[in-house]
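To start, the structure under review is shown below, and the notes come after it.
The values are calculated or read from the model by the stated rules, or taken from the named source; none is laboratory data. Just so you know, these numbers come straight off a predicted model, no measurement behind them. All Cβ positions, glycine included, derive from the backbone under ideal geometry; neighbour counts span all protein chains shown.
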Amino acid sequence: MRLSAPKKIVWWLSIILAIIGVVLELGGMMTLLGTSIAVYGFWILLLGFLLLSAGNALKGC
């Protein structure tokens, strides 16, 4: 399998999702957003990682 560098938009989207996921997981935004959104921190972080992985694995993404 040949890996390629992801496009800039995929890179930045995955970084933004990762930052949001880490902040939610650590509880920094629980008071701002409420507990209903804060429980999805891990899943948002995982989505960012999967997006970055797909950007590396798929050519042209």
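Looking only at helices (runs of 4 or more DSSP H) that fall completely inside the chain, which ones have 1 or more residues that are at pLDDT 85 or above?
By residue number, 8-26, 41-57.
Six or more apart or on different chains, Cβ atoms under 7 Å: show the pairs whose first residue is in segment 38-58 and of a type in the set (Ser, Thr, Tyr) and whose second is part of a helix (DSSP H, G or I) and surrounded by fewer than 13 Cβ atoms within 10 Å (Cβ to Cβ).
Going by the 7 Å Cβ cut-off, there are no qualifying pairs.
Inside segment 1-20, can you point out the residues that are farther than 12 Å from Ala57 by Cα and among the basic types (Lys, Arg)?
Correct list: Lys8 only.
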